[in-house]
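Structure first, commentary second.
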Amino acid sequence: MSFLKATPRNYRPKGGNCTVFRITAQNFRKWRTDYRILTIAVFLVILIFMYAEDFKALAGYLNCKAPVWIFPFLYTKSSAKILFTLPVILLFCDAPFIDGNQLFVMIRATRTKWLCGQVLYIISAGGVYYFFIFAVSVLSMIIFGEPSLDWGRALTAAAYDSSIITAAEVYSLNVSRLTVEFFTPLLACFYTFVMSWLSAVFLGLLIFACNLISGSRVWGIAAGAFFVVLTLVAKLRRHLDRFSPITWSTLDGIDVAGLTARPRIGYCLGAYAVLIFGLTAAIFISRGRVALTAD
(Lines give C-alpha, C1' and ligand atoms only; values in the text may rest on other atoms or scores of the structure.)
Protein backbone atom coordinates (compact mmCIF):
# COMPACT_ATOMS: atom_id res chain seq x y z
CA MET A 1 0.00 0.00 0.00
CA SER A 2 1.30 3.46 -0.86
CA PHE A 3 0.88 6.39 1.52
CA LEU A 4 2.78 8.90 -0.65
CA LYS A 5 1.09 12.07 -1.83
CA ALA A 6 -1.17 11.40 -4.75
CA THR A 7 -3.11 14.67 -4.75
CA PRO A 8 -2.25 18.35 -4.25
CA ARG A 9 -1.50 19.41 -0.68
CA ASN A 10 -4.36 21.92 -0.67
CA TYR A 11 -6.92 19.37 -1.87
CA ARG A 12 -10.15 19.65 0.12
CA PRO A 13 -12.86 17.19 -0.90
CA LYS A 14 -16.45 18.23 -0.62
CA GLY A 15 -19.23 17.15 1.53
CA GLY A 16 -20.29 14.73 4.13
CA ASN A 17 -21.37 14.82 7.71
CA CYS A 18 -18.68 12.30 8.68
CA THR A 19 -17.73 13.26 12.23
CA VAL A 20 -14.46 12.46 13.96
CA PHE A 21 -16.26 10.07 16.32
CA ARG A 22 -17.89 8.19 13.45
CA ILE A 23 -14.50 7.76 11.80
CA THR A 24 -13.12 6.38 15.07
CA ALA A 25 -16.12 4.09 15.56
CA GLN A 26 -15.75 2.74 12.05
CA ASN A 27 -12.25 1.49 12.87
CA PHE A 28 -13.61 -0.33 15.91
CA ARG A 29 -16.40 -1.91 13.86
CA LYS A 30 -13.76 -3.49 11.62
CA TRP A 31 -12.49 -5.44 14.65
CA ARG A 32 -15.37 -7.90 14.20
CA THR A 33 -13.85 -9.23 10.98
CA ASP A 34 -10.16 -8.56 11.62
CA TYR A 35 -8.24 -11.75 12.39
CA ARG A 36 -5.40 -9.69 13.89
CA ILE A 37 -7.71 -8.59 16.70
CA LEU A 38 -8.83 -12.16 17.37
CA THR A 39 -5.20 -13.31 17.36
CA ILE A 40 -4.22 -10.57 19.82
CA ALA A 41 -7.14 -11.37 22.14
CA VAL A 42 -6.42 -15.12 22.19
CA PHE A 43 -2.70 -14.52 22.70
CA LEU A 44 -3.36 -12.14 25.62
CA VAL A 45 -5.82 -14.50 27.31
CA ILE A 46 -3.35 -17.40 27.09
CA LEU A 47 -0.51 -15.19 28.33
CA ILE A 48 -2.51 -13.83 31.26
CA PHE A 49 -3.65 -17.28 32.34
CA MET A 50 -0.05 -18.54 32.17
CA TYR A 51 1.14 -15.78 34.50
CA ALA A 52 -1.95 -16.17 36.69
CA GLU A 53 -0.92 -19.77 37.32
CA ASP A 54 2.36 -18.50 38.79
CA PHE A 55 0.47 -16.25 41.20
CA LYS A 56 -1.69 -19.21 42.18
CA ALA A 57 1.46 -21.31 42.70
CA LEU A 58 2.87 -18.57 44.93
CA ALA A 59 -0.31 -18.60 47.02
CA GLY A 60 -0.25 -22.40 47.14
CA TYR A 61 3.31 -22.35 48.45
CA LEU A 62 2.25 -19.97 51.23
CA ASN A 63 -0.93 -21.96 51.85
CA CYS A 64 -3.21 -18.96 51.37
CA LYS A 65 -5.74 -17.74 48.84
CA ALA A 66 -4.49 -16.37 45.54
CA PRO A 67 -4.38 -12.56 45.14
CA VAL A 68 -6.90 -10.87 42.85
CA TRP A 69 -4.97 -7.67 42.13
CA ILE A 70 -2.18 -9.11 40.00
CA PHE A 71 -2.46 -6.47 37.24
CA PRO A 72 0.23 -4.07 38.61
CA PHE A 73 2.74 -6.98 38.69
CA LEU A 74 1.61 -8.90 35.62
CA TYR A 75 4.31 -7.54 33.30
CA THR A 76 6.90 -5.98 35.58
CA LYS A 77 9.54 -8.44 34.37
CA SER A 78 11.25 -7.16 31.21
CA SER A 79 10.48 -10.36 29.32
CA ALA A 80 6.79 -10.16 30.26
CA LYS A 81 6.66 -6.47 29.40
CA ILE A 82 7.97 -7.24 25.92
CA LEU A 83 5.42 -10.04 25.46
CA PHE A 84 2.53 -7.80 26.52
CA THR A 85 3.73 -4.84 24.42
CA LEU A 86 4.49 -6.58 21.12
CA PRO A 87 0.74 -7.06 20.35
CA VAL A 88 0.39 -3.26 20.49
CA ILE A 89 2.69 -3.09 17.46
CA LEU A 90 0.53 -5.68 15.72
CA LEU A 91 -2.59 -3.68 16.62
CA PHE A 92 -1.30 -0.49 14.98
CA CYS A 93 1.08 -1.87 12.33
CA ASP A 94 -1.31 -1.01 9.48
CA ALA A 95 -1.51 2.70 10.36
CA PRO A 96 -2.71 4.99 8.86
CA PHE A 97 -5.45 2.35 8.39
CA ILE A 98 -6.19 3.09 4.74
CA ASP A 99 -8.44 0.73 2.83
CA GLY A 100 -11.12 1.14 0.18
CA ASN A 101 -13.75 2.11 2.74
CA GLN A 102 -11.44 4.60 4.44
CA LEU A 103 -10.79 6.30 1.13
CA PHE A 104 -14.52 6.93 0.77
CA VAL A 105 -14.67 8.28 4.34
CA MET A 106 -11.68 10.54 3.69
CA ILE A 107 -13.34 12.00 0.61
CA ARG A 108 -16.48 12.81 2.62
CA ALA A 109 -14.67 14.18 5.66
CA THR A 110 -11.43 15.96 4.48
CA ARG A 111 -7.97 14.80 5.44
CA THR A 112 -7.75 16.82 8.67
CA LYS A 113 -10.98 15.45 10.14
CA TRP A 114 -10.06 11.96 8.97
CA LEU A 115 -6.66 12.18 10.68
CA CYS A 116 -8.34 13.39 13.89
CA GLY A 117 -10.49 10.26 13.78
CA GLN A 118 -7.44 8.03 13.32
CA VAL A 119 -5.55 9.67 16.20
CA LEU A 120 -8.61 9.34 18.44
CA TYR A 121 -8.85 5.69 17.42
CA ILE A 122 -5.24 5.07 18.51
CA ILE A 123 -5.93 6.75 21.86
CA SER A 124 -9.15 4.76 22.37
CA ALA A 125 -7.74 1.43 21.17
CA GLY A 126 -4.75 1.76 23.52
CA GLY A 127 -7.16 2.16 26.44
CA VAL A 128 -9.30 -0.79 25.33
CA TYR A 129 -6.18 -2.95 24.97
CA TYR A 130 -4.96 -2.46 28.53
CA PHE A 131 -8.45 -2.50 30.04
CA PHE A 132 -8.90 -5.91 28.42
CA ILE A 133 -5.69 -7.10 30.10
CA PHE A 134 -6.86 -5.71 33.46
CA ALA A 135 -10.33 -7.28 33.16
CA VAL A 136 -9.02 -10.72 32.13
CA SER A 137 -6.41 -10.65 34.92
CA VAL A 138 -9.13 -10.03 37.52
CA LEU A 139 -11.46 -12.65 36.03
CA SER A 140 -8.65 -15.21 35.91
CA MET A 141 -8.08 -14.85 39.67
CA ILE A 142 -11.42 -13.90 41.19
CA ILE A 143 -12.81 -17.46 41.34
CA PHE A 144 -9.80 -18.80 43.24
CA GLY A 145 -8.68 -15.50 44.71
CA GLU A 146 -9.13 -13.59 47.91
CA PRO A 147 -12.06 -11.14 47.58
CA SER A 148 -10.43 -8.22 49.34
CA LEU A 149 -9.40 -4.63 48.67
CA ASP A 150 -6.06 -5.37 50.32
CA TRP A 151 -3.01 -6.87 48.65
CA GLY A 152 -3.44 -10.16 50.43
CA ARG A 153 -0.91 -12.37 52.15
CA ALA A 154 0.76 -13.76 49.03
CA LEU A 155 1.66 -10.46 47.38
CA THR A 156 2.64 -8.82 50.65
CA ALA A 157 4.94 -11.67 51.59
CA ALA A 158 6.55 -11.77 48.14
CA ALA A 159 7.06 -8.00 48.16
CA TYR A 160 8.94 -7.96 51.45
CA ASP A 161 10.83 -11.24 50.97
CA SER A 162 11.93 -11.91 47.39
CA SER A 163 13.37 -15.29 48.41
CA ILE A 164 9.79 -16.59 48.58
CA ILE A 165 9.48 -16.25 44.81
CA THR A 166 12.61 -18.36 44.37
CA ALA A 167 11.43 -20.92 46.90
CA ALA A 168 8.03 -21.17 45.20
CA GLU A 169 9.78 -21.50 41.81
CA VAL A 170 7.74 -18.73 40.17
CA TYR A 171 10.64 -16.94 38.52
CA SER A 172 8.42 -14.98 36.11
CA LEU A 173 7.07 -12.84 38.97
CA ASN A 174 8.45 -9.58 40.28
CA VAL A 175 6.47 -8.01 43.12
CA SER A 176 7.71 -4.52 43.94
CA ARG A 177 7.93 -3.71 47.65
CA LEU A 178 7.52 0.02 46.99
CA THR A 179 4.29 -0.58 45.07
CA VAL A 180 2.80 -2.65 47.88
CA GLU A 181 4.04 -0.20 50.52
CA PHE A 182 2.93 3.09 48.93
CA PHE A 183 -0.17 2.12 46.93
CA THR A 184 -3.48 0.45 47.62
CA PRO A 185 -4.39 -2.25 45.07
CA LEU A 186 -6.99 -0.10 43.31
CA LEU A 187 -4.67 2.90 43.13
CA ALA A 188 -1.82 0.76 41.82
CA CYS A 189 -4.13 -0.72 39.17
CA PHE A 190 -5.24 2.77 38.17
CA TYR A 191 -1.72 4.16 37.83
CA THR A 192 -0.51 1.06 35.99
CA PHE A 193 -3.45 1.30 33.59
CA VAL A 194 -2.86 5.01 32.90
CA MET A 195 0.90 4.63 32.36
CA SER A 196 0.40 1.53 30.19
CA TRP A 197 -2.29 3.33 28.20
CA LEU A 198 0.05 6.26 27.55
CA SER A 199 2.80 3.89 26.43
CA ALA A 200 0.38 2.27 23.95
CA VAL A 201 -0.69 5.68 22.62
CA PHE A 202 2.97 6.63 22.21
CA LEU A 203 3.70 3.44 20.26
CA GLY A 204 0.60 3.79 18.09
CA LEU A 205 1.35 7.41 17.16
CA LEU A 206 5.01 6.57 16.56
CA ILE A 207 4.07 3.81 14.13
CA PHE A 208 1.49 6.07 12.48
CA ALA A 209 3.98 8.93 12.02
CA CYS A 210 6.78 6.70 10.73
CA ASN A 211 4.50 4.89 8.29
CA LEU A 212 2.99 8.14 7.05
CA ILE A 213 6.29 9.99 6.58
CA SER A 214 8.22 7.06 5.09
CA GLY A 215 5.41 5.68 2.96
CA SER A 216 6.19 2.18 4.25
CA ARG A 217 4.97 0.08 7.17
CA VAL A 218 8.47 -1.30 7.70
CA TRP A 219 9.77 1.84 9.41
CA GLY A 220 6.83 2.12 11.79
CA ILE A 221 7.19 -1.49 12.91
CA ALA A 222 10.97 -1.07 13.24
CA ALA A 223 10.60 2.09 15.35
CA GLY A 224 8.05 0.44 17.64
CA ALA A 225 10.20 -2.68 18.01
CA PHE A 226 13.21 -0.51 18.86
CA PHE A 227 11.48 1.04 21.87
CA VAL A 228 10.15 -2.34 23.01
CA VAL A 229 13.65 -3.85 22.92
CA LEU A 230 15.02 -0.73 24.63
CA THR A 231 13.04 -1.84 27.69
CA LEU A 232 15.32 -4.84 28.03
CA VAL A 233 18.46 -2.74 27.49
CA ALA A 234 17.30 -0.19 30.08
CA LYS A 235 16.91 -3.03 32.57
CA LEU A 236 20.63 -3.74 32.21
CA ARG A 237 21.74 -0.11 32.01
CA ARG A 238 19.65 1.93 34.42
CA HIS A 239 20.78 5.31 33.06
CA LEU A 240 18.71 4.58 29.95
CA ASP A 241 15.46 4.47 31.99
CA ARG A 242 14.83 8.13 31.22
CA PHE A 243 14.81 7.40 27.49
CA SER A 244 12.65 4.26 27.57
CA PRO A 245 8.92 5.18 27.54
CA ILE A 246 7.81 1.53 27.61
CA THR A 247 9.73 1.00 30.87
CA TRP A 248 7.44 3.53 32.56
CA SER A 249 4.32 1.46 31.86
CA THR A 250 4.57 -0.23 35.27
CA LEU A 251 5.18 1.27 38.69
CA ASP A 252 8.44 -0.59 39.23
CA GLY A 253 9.91 1.48 36.37
CA ILE A 254 9.07 4.76 38.12
CA ASP A 255 10.43 6.38 41.28
CA VAL A 256 7.26 6.53 43.36
CA ALA A 257 8.73 7.70 46.66
CA GLY A 258 12.03 9.43 45.94
CA LEU A 259 13.92 6.32 47.03
CA THR A 260 15.36 5.16 43.70
CA ALA A 261 17.29 6.57 40.75
CA ARG A 262 14.41 5.88 38.36
CA PRO A 263 12.55 8.81 36.74
CA ARG A 264 9.82 10.43 38.82
CA ILE A 265 6.20 10.09 37.76
CA GLY A 266 6.05 13.82 36.91
CA TYR A 267 8.94 13.40 34.50
CA CYS A 268 7.28 10.36 32.89
CA LEU A 269 3.92 12.08 32.46
CA GLY A 270 5.60 15.19 31.06
CA ALA A 271 7.69 13.12 28.65
CA TYR A 272 4.62 11.22 27.47
CA ALA A 273 2.81 14.54 26.90
CA VAL A 274 5.71 15.95 24.86
CA LEU A 275 6.11 12.75 22.82
CA ILE A 276 2.40 12.37 22.11
CA PHE A 277 2.00 16.04 21.19
CA GLY A 278 5.12 15.97 19.00
CA LEU A 279 4.06 12.83 17.15
CA THR A 280 0.53 14.15 16.66
CA ALA A 281 1.96 17.41 15.27
CA ALA A 282 4.22 15.43 12.91
CA ILE A 283 1.21 13.45 11.66
CA PHE A 284 -0.80 16.58 10.89
CA ILE A 285 2.16 18.38 9.33
CA SER A 286 2.61 15.37 7.04
CA ARG A 287 -1.10 15.05 6.21
CA GLY A 288 -0.41 15.96 2.58
CA ARG A 289 1.34 12.61 2.20
CA VAL A 290 -1.89 10.69 2.74
CA ALA A 291 -2.79 9.16 -0.60
CA LEU A 292 -6.29 8.80 -1.92
CA THR A 293 -5.39 5.44 -3.44
CA ALA A 294 -5.12 1.99 -1.88
CA ASP A 295 -3.79 -1.33 -3.06
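The values are calculated or read from the model by the stated rules, or taken from the named source; none is laboratory data. Everything quoted here is computed from the prediction, not taken from an experiment. Backbone-built Cβ (ideal geometry, glycine too); neighbour counts: all protein chains shown. The protein model used for the area step is the full one, side chains on, heavy atoms only, and it has no ligands, DNA or RNA in it. Shrake-Rupley method; radii C 1.70, N 1.55, O 1.52, S 1.80 Å.
Brief remarks follow.
- Count of lysine pairs in the chain with Cα separation under 17 Å (8 or more residues apart, or interchain): 4
- J(HN,Hα) series, the stretch 250-263, from Karplus relation 6.51 cos²θ - 1.76 cosθ + 1.60, nearest Hz, glycine and proline x: 10, 5, 6, x, 10, 7, 8, 9, x, 10, 10, 8, 6, x
- Overall form of the stretch 134-273: prolate. Here a/c, set by the Cα gyration tensor axes a ≥ b ≥ c, is 1.5 or more, and a/b is the larger of a/b and b/c.
- Charge dipole (debye, nearest 20) of the stretch 68-226; +1 at Cβ of Lys and Arg, -1 at Cβ of Asp and Glu: 560 debye
- When the chain is described by a simple charge dipole with +1 on each Lys and Arg Cβ and -1 on each Asp and Glu Cβ, the residue from L259, F243, I142 located farthest towards its positive end is F243.
- Answer label for Cα Rg over 2.2 N^0.38 Å (calculated), chosen among [x] 1.10; [y] 1.41; [z] 1.59: [x]
- Each part gets one Cα centre, and for the stretch 92-148 versus the stretch 215-277 those centres are 21 Å apart.
- Dipole of the chain, positive end: most advanced residue of F49, S286, Y75 [Cβ charges, Cα centre]: S286
- Spin-label model, T260/F104: points 7 Å from Cα along the beta carbon direction are separated by 5.1 nm.
- When each full DSSP H helix of the chain is screened for a Cα extent of at least 24 Å along its own axis and an average Kyte-Doolittle hydropathy of at least -1.0, the helices passing are 35-61, 111-142, 185-214, 217-236, 265-285.
- Here the chain is treated with +1 on each Lys and Arg Cβ and -1 on each Asp and Glu Cβ, and its dipole about the Cα centre works out to around 1420 debye.
- Solvent exposure of the chain, expressed per residue, is 46 Å² of accessible area, with all protein chains present and a 1.4 angstrom probe.
- Remark on A66: its backbone amide H falls under 5 Å from those of E146, a criterion applied only to residues 5 or more positions apart or on other chains, H modelled at 1.01 Å from N.
- Dipole orientation for the chain: of the candidates A234, T19, I123, T19 has the Cα lying most toward the positive pole (charges on Cβ; Lys, Arg +1; Asp, Glu -1).
- Lys, Arg +1 and Asp, Glu -1 on Cβ, resulting dipole of the stretch 205-262 about Cα centre, debye, nearest 20: 140 debye
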